[in-house]
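One structure below.
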Amino acid sequence: MDLFVGRLDPDMCVVTAAAGQERAGCLVGFSSQCSLDPVRFVVWLSTANRTFTVAREAEVLAVHLLARDQRAAAELFGGRTGDRTDKFRDVRVREGHGGAVVLEDVEAWFVGRILRRIDGGDHVGFVLDPVETGGRAEPSRLLRLSDADTISAGHPAG
């Protein structure tokens, strides 16, 4: 599989979750549109990650695309654990549909209602129905896996 997977360079995204008084967010490399009609999107969260714990109780998730020059945000959400760091302290956020935590300064974002959770091993897929979207009018190059591959994960992968 290394010969196949090693050639992939997917867009990275930050997924945020809120449930009760808890909120969390993490950098995600496993995500994709998974249906055309109706439009559906799936994000895969590591079961070792605090964001997964909060997402299990959430009704919606927010998915954010970062620009290539937003590596600091990628390092914050990918290289630190929410168990010890308030990742939202120094970033601009607003409340989105259903209480979602939406990051203000990103390329594009959407809030999706969680339709189902799919066990994939050490990750769980959250199938989302997009209900709110936004982003910058002038797109720039998106942050990809190859741009973030030196970030040390805040949690082990699984």
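So, in nm, how far is label T81 from label E95 when the simple model puts each one 7 Å beyond its Cα toward the Cβ? Those two pseudo-labels are separated by 3.0 nm. Counting only trypsin sites (Lys or Arg not before Pro) that sit in a DSSP loop (anything but H, G, I, E, B) with at most 13 other Cβ atoms within 10 Å, what is the longest stretch of the chain containing none of them? My reading of the result: 8-83 is the longest stretch.
For segment 64-111, the list of GluC sites (Glu not before Pro) that fall in a loop by DSSP and count at most 13 other C-beta atoms within 10 angstrom reads E104. Summed over the residues of segment 31-76 and divided among them, the accessible surface reaches 49 Å² per residue at a probe radius of 1.4 Å.
The fraction of accessible area contributed by carbon and sulfur in the chain is 49 percent, rounded to a whole number (1.4 Å probe; ligands and nucleic acids excluded).
When the helix-only estimate is applied to the chain (DSSP H runs of n ≥ 4, each -39,500 (n - 2.57), divided by the residue count), what is the mean residue ellipticity at 222 nm, nearest 500 deg cm²/dmol? Mean residue ellipticity, 222 nm, calculated: -3000 deg cm²/dmol.
Considering only Q21, Q70, Q33, the mean-square fluctuation computed in a Gaussian network model of the chain, springs between alpha carbons under 10 angstrom, is largest for Q21. In terms of its C-alpha gyration tensor, the chain has a rounded overall shape, because the principal axis ratio a/c (a ≥ b ≥ c, square roots of the eigenvalues) stays below 1.5. Between V127, V14, V91, the GNM of the chain built on Cα springs shorter than 10 angstrom shows V91 fluctuating the most.
The values are calculated or read from the model by the stated rules, or taken from the named source; none is laboratory data. Small disclaimer: the values here were computed from a predicted structure and weren't measured. Because the Cβ atoms are built from the backbone with ideal geometry, glycine has one as well, and the counts that use them run over all protein chains shown. All accessible areas refer to the heavy atoms of the entire protein, side chains included, with ligands and DNA or RNA removed. Shrake-Rupley method; radii C 1.70, N 1.55, O 1.52, S 1.80 Å.
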